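Everything below concerns the one structure shown next.
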Amino acid sequence: MLDPDQLLNGLNDAQRQAVATVEGPVLVLAGPGSGKTRVLTHRVAYLIGVVGVPAWHLMSVTFTNKAAKEMKERLGGLIGPAALDQLTIGTFHAICARLLRRETQALPFDDRFVIFDTDDQLRAVKQAMVDLNLDEKTYRPQSVLGAISSAKNELIRAEDFVAPSYWHEVAGRIYKRYQTVLRANNALDFDDLLLETALLLRDDESVARRYRERYGFLMVDEFQDTNTAQYAMLRSLSAAEDKDAPHNLCAVGDEDQSIYRWRGADYRNITRLRKDFPGIKVILLEQNYRSSQTILDAARAVIDVNAHRTKKALWSELGDGDKLTLFEAYDEQEEAAYIVREIQRRTAGGGRYGDCAIMYRTNAQSRVLEDAFVRAHIPYQLVGGTRFYERREVRDMLAYLRFVHNPRDEMALGRIINVPPRAIGPKALTTLAARAQAAGQSLWEALCSLAADEIPDELLPPAAHLDARGRGALVRFQQLMAEAIANRDLLPADQLLDQLLDLSGYARWLKDGTEEGQDRWENVQELRGLALDYHHLSPQEGLGAMLESVALASDTDAMGQGEGDRVTLLTLHSAKGLEYPVVFMPGLEERILPHSRSIDDPESLAEERRLFYVGLTRAMRKLYLMHVFRRTLYGSSEMAEPSRFLRDLPAGSLEQRSKSGVVTPNNRSATARSSATTWAPSRPPQTQAGASAAAAPAAASNKAQLKAGDRVRHSHFGAGVVVSSAVKDGDEEVTVAFVGGAGVKKLMQRFAKLEKV
DNA sequence: AACTAGCATTTTTTT
DNA sequence: AATGCTAGTT
């Protein structure tokens, strides 16, 4: 038993209430940095240690493995390992997968089902479209998959799919066929895990009752990110309809941080929850333990523009702190250079690299930054980007393992049958499919009977006839896989992988002497290292366990915080839940944040605003907001307009910088001062009138002011020599070779502020 | 069947 | 700019 006072000590009133209100439903609206993880862990500890609820009655659901892991770690210290073992903590998908494997007797798949990732899903859609004889141009598999996925998230099965348009009618047909493909492969996709669980709990009262009785206490983190299926599942588990049931559901969330609408999340589930549980106790966590008041005020001003939400008044005891710095750079290189300079300045003054994070909208933005960091010898860590499990070689080897584990997995088969190239092309594949069809076999069975020479060609339709070459290639493949399958219960996963790498010729194929081949080989070895974690299990269980955990894992959690003192580069999406003393947000421009794809839909725009809000509230002490005058996007350089969100920042919280120093209200132009909003570009006054900067004065003298050989100075790059200059559309474009590390740069004289020396 | 050149596309990310 | 896919060539 724990001492309640000790447990609740150090929590504020609202937090304490959230922890100790254990009867009836609770909704905790937790602003950023308000200690929600703390509340969740302490609540679990309170239930177990103070109220005396057996640990196996508790379920705590998260969205990411990382969050689940963090919760386990923090709980370990509070309740001890024994209780921790009995708790159900995990992601929605992991919990659903486990539940479904236990309940397969009433379901159209067996407990060895595999989980299809996005790549497999796409293959399955394509397969379905081939079956239905549909053209991939008119119906893009990606879009069809999107439609299927949204339907599943809305709990709509293929047979219930209602088509509002002809396109959807076709999509509905593909959906049905797609499910057939999935079932034939004994596979579920990510969305199925949720849908099947939600529908099972909704429609099978006896199963639902069993789980309701077991899980008397539910806790959900990031509730604003739930979709309809997840919501339905929680609703069933907490018996919303049953007035006499205790429904001890505790949902923690923040509608202002809902940034996953595009994958089915619906923050209105928060409103729905309040309606479904009329007596729900709503607790607001408004005290922020992370950021300075200045940062919170700025964030609040930005988010308060969004309508239909519970306004929260975030406050902090950490004082006002520094103002936000708004910086306009000429282009993304200069933007990066500014970040480099600021980081160098801060570290020279005793700051740590690890205190700084750069948060951007799109992964593509990281490139320039990485470049600049490498040149400046600043250590950094990139989160996300091309992920480990998405690498071709890793997927290929996983497909080999998956196929060995479950020879019915034809998506895996499709992936590996001709990788490395072994003369099995589309022709041989269709013939094989025809043979399977004719004999009523799976592809693998057809391969086996081909190898055993069981069915003479004469008994099969002509489309299933094989020539000697095709037959030879297919039989060789069958033999190699048969050998691996024979060993699957004898060898642990890592040795099985070694064997496959060797037998399949994949190892030899990779090691082609190129640097890329070496890279890929190392990734395969890393995968092999992962397999070592399953040595304590029998080969059979080990392989299954490894494949499941890989299917449900991502590597953001594996990457961890990274070693050493480094700057972190990450997208705004992956920044959720994290905090850094110093945060840089580059690229605050129209078409980037808000993203061009979101600009004409108010709902998407509101979500972009929330994304900006998430970024702002990651910062503890210092925020740098930056935008450029000209940005290269998709290969072409265009004028960039500052993000509309910048206009909503309160005047008093900002400090503007130009390359030459701080811009105070006094030396700012009159137009900027008199405007209702506080944004004012730091470029020269004559261009402030509008984006039509090409009409600006420098064009007046239609000849270049600098010529080759002139010595110049640039505020960032230092001294240099003009290589060439020309007037283009009224802008003087100067190519300068800088002395030192900066190299040769093309600059617009007027904005780069080159000084002649 | 394997290789290659030209063409279109371009968010965010977890599971 | 870079990537991935299709269609055409070897």
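Since every read-out is calculated from the coordinates, none of them should be taken as a lab result. Note that the coordinates shown come from a computational prediction; the quantities given were computed from them, not determined experimentally. Positions of Cβ are backbone-derived with ideal geometry, glycine not excepted, and every protein chain shown enters the neighbour counts.
Using 7 Å Cα-to-Cβ label points, what is the residue A:12/residue A:711 separation (nm, one decimal)? Taking the two extended label points, one gets 5.9 nm. For segment A:286-358, the gyration tensor built on C-alpha atoms gives an oblate shape. Its axis ratio a/c (a ≥ b ≥ c) is at least 1.5, and a/b is not larger than b/c.
Amide hydrogen proximity for residue A:362: with H placed 1.01 Å from N in the peptide plane, no residue at 5 or more positions away or on another chain lies under 5 Å. Round to a whole angstrom and tell me the spacing of the C-alpha centers of segment A:263-285 and segment A:185-241. Each part reduced to its Cα centre gives a spacing of 16 Å. Computing FRET efficiency as 1/(1 + (r/R0)^6) for residue A:163 and residue A:540, where r is the C-beta to C-beta distance and R0 is 60 Å, gives about 0.85. For the peptides A:103-109, A:280-286, the ranking by packing is A:280-286, A:103-109, with the highest mean count of neighbouring Cβ atoms within 10 Å listed first.
The simple Förster model, with R0 at 22 Å and r as the Cβ-Cβ distance, assigns residue A:641 and residue A:301 a FRET efficiency of 0.60. An oblate overall shape is assigned to chain A, the ratio a/c of its alpha-carbon gyration tensor axes (a ≥ b ≥ c) being 1.5 or greater and a/b not exceeding b/c. Across segment A:103-114, computed HN-Hα scalar couplings (Karplus, 6.51 cos²θ - 1.76 cosθ + 1.60, θ = phi - 60°) run 10, 5, 4, 9, 10, x, 8, 9, 6, 9, 4, 9 Hz from first to last residue, x flagging Gly and Pro.
Report the antiparallel proportion of the DSSP beta bridges in chain A as a percent, rounded to a multiple of 5. Of the beta bridges lying entirely in chain A, close to 35 percent run antiparallel. Taking other Cβ atoms within 10 Å as a rough exposure proxy, A:721, A:614 sort from fewest to most as A:721, A:614. In this simple spin-label approximation, residue A:489 and residue A:737 carry label points 7 Å from Cα along the Cα→Cβ vector, and these lie 7.3 nm apart.
Could you point to the residue in A:226, A:147, A:166 farthest towards the positive end of segment A:124-278's charge dipole, with +1 and -1 charges on the Cβ of Lys/Arg and Asp/Glu respectively? Value: A:166. Sorting the segments A:435-445, A:587-597, A:160-170 by their residues' average number of neighbouring beta-carbon atoms within 10 angstrom, most packed first, yields A:587-597, A:435-445, A:160-170.
Segment A:356-450 has equivalent-ellipsoid semi-axes of 45, 13, 11 Å, by the square roots of 5 times the alpha carbon gyration tensor eigenvalues, sorted largest first.
Spin-label pair residue A:721-residue A:86: with each label point 7 Å from Cα along the Cα-Cβ axis, the two points sit 8.0 nm from one another. Segment residue A:430..residue A:512, full-extension length gain: 26.5 nm, with 0.36 nm per residue of separation and the alpha-carbon distance subtracted.
Our coupling estimate for segment A:148-154, obtained by passing each phi through the Karplus curve with A = 6.51, B = -1.76, C = 1.60 and θ = phi - 60°, is 5, 4, 5, 4, 4, 5, 8 Hz, Gly and Pro reported as x.
For the pairs A:311/A:576; A:66/A:323; A:36/A:311; A:36/A:66; A:126/A:511; A:576/A:622, flag any whose C-alpha to C-alpha distance is greater than 23 Å. The answer is A:66/A:323; A:126/A:511. In terms of packing, defined here as the mean over residues of other Cβ atoms within 10 angstrom, the peptides A:178-191, A:494-507 line up highest first as A:178-191, A:494-507.
FRET efficiency for the residue A:111 to residue A:262 pair, using the beta carbon distance and R₀ = 22 Å, is estimated at 0.10.
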